[in-house]
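To start, the structure under review is shown below, and the notes come after it.
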Amino acid sequence: MRGITLNTRDPVYEQVMNHFKVLIANGELRPGDEIPSRRELARLFQINPNTVQRAYKEMEDAQLIHTERNYPSKVTTDEAVLIQVREELLHHAVETFVDAIHLIQVPMEEVLARVENRINELEREDDR
Amino acid sequence: MIELTNITKKYGRKWVLKDISMHIPKGEMTCLVGRNSVGKTTIMNMIMGLTHPTAGKITIDGEEIHPALYEKISYIPDQMIMVNQMTVGDAIAFMKAFYRHWNDERASALLYKFSLHRSDKIRKLSKGARGKVNMLLGLSIDADYILLDEPFSGIDPISREQILDVCMQQLVEGKGILITTHDLQELEQFADRAVLIEDGMIHRAFELEDMRATEGKTILDILREVDSNAQGE
């Protein structure tokens, strides 16, 4: 797992949770994969271990990960939860985007064409 | 837990601290911030028994402070109190002879981590390296609480990262840390709680995650508010 860029104004545990949701949604973390220990993650992200503890606890409560006794925590294999994570991220991203677009009153066709262009651009970058 | 209850300190007729109540729990990092350093250093000195409160009470794990309790605390001052002619090895030997709870294994691990050598002459070390020797000496005492006074001043970014990493290990081991620093950006995502001292009083005390969640503010934002209020007076 790579490091993370944190902003200073949102709770760190939320940012950590969101980071994991993205990795789960894009398939970088697969169902059943082990995730780093709390100590490893604190070190990797250079954050307080208590914050990591809180993020992991919230993710456990949301059934995103599960931990059996002293074993490493694993990503859930529960299909319903995985679908929900993807849905939640997608909903939030679309809402943020559309709210911004709505403010500047851009016609639908133009928005869709721009979105398509941008997606193609990013895909070409990924292929490189 | 180290607990300060209604602490007041007067030097002659001058108030330095007024009615300070705060606690330093184990396993957490508490950051003392404020625009001037008098109050912050006085609080650390009082916890170490170097100066006594005019009124109020300090307890460590429920006991009122007495000399034997100081073994539970390691105080790391902002400057190393070692003779310049010593080598790093001499300084380690000196501390080992002096402290009952010296942890040789940790000292060796930190030497390696900080790329220091026992044969290094203290007077020939850079400021950053001397800061690391200072940290090494303080952290190699097995204590439940660590008091860090300005650990980052004059220290390069890589050394800062190493010092923070060591702090993190201490937190994982359940130690309680009290830290004062002007380098807030190092601590915004690292400390658990901040206590802001202004005019000798606690202006605000808050959990950093809660502050981000409820007001979306950093320690620096809160300090700015204090500053602009002071200018408005």
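Throughout, read-outs are computed from the coordinates displayed, never taken from laboratory work. Nothing here was measured: the structure is a model prediction, and the numbers come from that model. Glycine gets a Cβ as well: all are built from the backbone with ideal geometry, and neighbour counts include every protein chain shown.
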Original post:
How far is the Cα center of segment B:99-137 from the Cα center of segment A:73-89, in Å?
Top reply: 47 Å
Subject >> Cβ-derived FRET efficiency at R0 35 Å, B:Gln231 paired with B:Asn6, nearest 0.05 >> reply: 0.70
Subject >> Selection from B:Gln185, B:Ala205, B:Ile146 lying farthest towards where the dipole of segment B:92-233 points positive, charges on Cβ >> reply: B:Ile146
**OP:** Just need the relative contact order of chain B here, percent rounded to a whole number, with Cα pairs under 8 Å and 6+ apart.
**Re:** 27 percent
Original post:
Which of A:Glu109, A:Glu28, A:Glu88 moves most in a GNM of chain A, Cα contacts under 10 Å?
Top reply: A:Glu109
**OP:** Just subtract the alpha-carbon distance of B:Val38 and B:Thr54 from 0.36 nm times their residue separation and send over the number in nm, one decimal.
**Re:** 4.2 nm
**OP:** Counting only C-alpha contacts under 8 Å and six or more residues apart, can you give the relative contact order of chain A as a whole percent?
**Re:** 24 percent
Subject >> Only Lys, Arg (+1) and Asp, Glu (-1) charged, at Cβ; chain B dipole about Cα centre in debye >> reply: 980 debye
Subject >> Rounded, prolate or oblate (a/c below 1.5 giving rounded, otherwise prolate when a/b exceeds b/c) for the protein assembly as shown by Cα gyration tensor >> reply: prolate
Subject >> Dipole magnitude of the protein assembly as shown about its Cα centre (Cβ charges: Lys, Arg +1; Asp, Glu -1), debye to nearest 20 >> reply: 2140 debye
Subject >> Rough spin-label spacing in nm, given labels placed 7 Å along Cα→Cβ, for B:Tyr99 and B:Lys217 >> reply: 3.7 nm
**OP:** Just rank A:Thr5, B:Thr214, fewest to most, by other beta-carbon atoms within 10 angstrom.
**Re:** A:Thr5, B:Thr214
Original post:
Hey, got the average number of other protein chain Cβ atoms within 10 angstrom for residues in A:53-63?
Top reply: 0
Original post:
Assigning unit charges at the beta carbon (Lys, Arg +1; Asp, Glu -1) and nothing else, what dipole magnitude in debye, to the nearest 20, does segment A:60-101 show about its Cα centre?
Top reply: 220 debye
**OP:** Can you tell me how much longer the chain between A:Asp126 and A:Asn26 gets when fully stretched, taken as 0.36 nm per residue apart minus their C-alpha distance, in nm with one decimal?
**Re:** 34.6 nm
Original post:
Of A:Leu82, A:Ala42, A:Val115, which is farthest along the charge dipole of chain A in the positive direction, counting Lys and Arg as +1 and Asp and Glu as -1 at C-beta?
Top reply: A:Ala42
Subject >> GNM top mover of A:Val16, A:Val52, A:Val115 - chain A, alpha-carbon springs below 10 Å >> reply: A:Val115
Subject >> Global form of chain B, assessed from the alpha-carbon gyration tensor, a/c cut-off 1.5 >> reply: prolate
**OP:** Obtain the nm distance between the two label points defined at A:Arg118 and B:Trp15 by a simple spin-label model: each point lies 7 Å from its Cα along the Cα-to-C-beta direction.
**Re:** 5.6 nm
Subject >> Spin-label proximity, A:Arg69 to segment B:169-203 - amide N less than 11 Å from point 7 Å beyond Cα toward beta carbon >> reply: none
Original post:
Which residue, chosen from B:Ala93, B:Ser159, B:Tyr70, occupies the Cα position most advanced towards the positive end of the dipole of chain B, where the dipole is computed from +1 (Lys, Arg) and -1 (Asp, Glu) charges on Cβ about the Cα centre?
Top reply: B:Ala93
